[in-house]
Amino acid sequence: MGGVLAIIGLLAILAVKLSADSGSSAINNQLTIYNWGDYIDEKLLKSFEKQTGYHVNYVTFDSNEAMYTKIKQGGTTYDIAIPSEYMIDKMTSEHLLVKLNHSKIKGLSNINPKFLHQAFDPQNNYSIPYFWGTLGIVYNDQLVKTPPQHWSDLWSADYRNNLMLIDGAREVIGLALNQQGDSLNATDMGQLNKAYTHLKSLAPNVKAIVADEIKQYMINNEAAVAVTFSGEAAEMVSENKHLHYVVPSEGSNLWFDNIVIPKTAKNFDAAYAFINFMLTPEHAAQNAEYVGYATPNTAAMRQLPRSVTADKAFYPDATAMDHLEVYRNLGPKYLGIYNDLFLEFKMYRK
């Protein structure tokens, strides 16, 4: 009897070990990416799997704040995430990101130096450039009398119930700040309250405040004007010849989305393999053509059509770049104020 029990015990130990080994093997063979929706060419994910043998688990988020909350809570394994600049700053300060081992990264020299060493990550110790772009105005030449060129043009009575706004507090409060000549990183309550008051007078023009749906509205000629990001605009323009994109010369947002390794990561080898894969010029070029956003990869730019890289609306020149601002991490107090003002605006227009 004792022998039988011993054998049963041994089998139980072996079963646990096999289960653990199986679980470990599954983790070692899987890369979990946490990214914005429709923000990578799925063909590239297939190529990555085929080239490396890793299985990709692709999970999406719809805002930096949602992504931040999920990673901060822990409990879910994300090996790669792609947040925006101000959120990278915040996550770094809260020790939510893994410091990168640059000796494992191949192809960083392909990145244009002007997109490295930004204030939110001075040494690129925590992030690698993925895409960059601007916030601007899309208009339909069939539905407007005079093409809008400035933020103030959005207040024209010609656009009554004909303006689409992106659903973002920093973007909408920011354009009102820029319109009155203030920084989109303002923390002066006088400036913020003035921007909000002016924004309320825009309410009659606002048809809807939406996220991804804004693309289809504009492609289908359902609104005359929209405020959106450059990559979204690129897709709209490619689908509808009557759509055009402009960045107001008085100022706007210059944003960066970078690749990071969150503290939740389990498969570091796979994470570095993915970073290196996306730094390869042909992969970065393919991704830029698919997504429509501007690539920071100089070598990739040489593989893109000249008609794309010469378009100053999407690849602004140095003069235009001088008038653009990067969102700063303003801290929880002012982030809350921006969110509250934006919520009040959304409620006011109803």
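Any idea which residue in region 304-330 is nearest to Glu235 (Cα to Cα), counting only those that are of a type in the set (S, T, N, Q) and surrounded by 10 or more Cβ atoms within 10 Å (Cβ to Cβ)?
Thr309
List every residue pair whose Cβ atoms lie under 9 Å apart, where the two residues are 6 or more positions apart in sequence or sit on different chains, the first residue falls within region 67-81 and is at positive phi, and the second residue, located anywhere, is surrounded by 12 or more Cβ atoms within 10 Å (Cβ to Cβ).
From region 67-81, the pairs are Gly74/Lys263; Gly74/Thr264; Gly75/Thr264.
Taking helices (runs of 4 or more DSSP H) that fall entirely within region 1-84, which contain at least 1 residues that are at pLDDT 95 or above and under 27 Å from the mean Cα position of the chain (by Cα)?
So the answer is 42-52, 64-73.
I need a count of the residues in region 275-295 that are surrounded by fewer than 22 Cβ atoms within 10 Å (Cβ to Cβ), over 18 Å from Pro113 (Cα atoms) and of a type in the set (A, V, I, L, M, F, W, C).
2
Of all residues being among the acidic types (Asp, Glu) and more than 20 Å from the chain's Cα centre (by Cα) in region 284-326, which is nearest to Asp89 (Cα to Cα)? Just the residue, please.
Asp322
Here's a check for you: in region 216-229, which residue that is under 15 Å from Gln149 (Cα atoms) and under 24 Å from the mean Cα position of the chain (by Cα) is modelled with the lowest pLDDT?
Thr228
Going through Ala211, Ala234, Ala226, Ala186 one at a time, which residue ends up being touching a strand residue (DSSP E or B) at 6+ places or on another chain (Cβ under 6 Å) and within 30 Å of Thr295 (Cα to Cα)?
Ala226
Return the pair list, or none, for Cβ contacts closer than 8 Å from residues in region 256-269 that are assigned by TED's automatic domain parsing to the domain that holds Val98 and at pLDDT below 95 to residues that are acidic (Asp, Glu) and assigned to a loop (DSSP other than H, G, I, E, B), at least 6 apart or on different chains.
Thr264/Asp79
Here is a check on your reading of the model: is Asn205 modelled with pLDDT of 95 or more, under 20 Å from His244 (Cα atoms), in contact with a Lys or Arg (Cβ under 9 Å, 6 or more places away or on another chain) and crowded, with 16+ Cβ neighbours inside 10 Å?
In short, yes.
The values are calculated or read from the model by the stated rules, or taken from the named source; none is laboratory data. Predicted model only: the values in this text are computed from it and were never measured. Cβ: placed from backbone, ideal geometry, glycine included. Neighbour counts: every protein chain shown.
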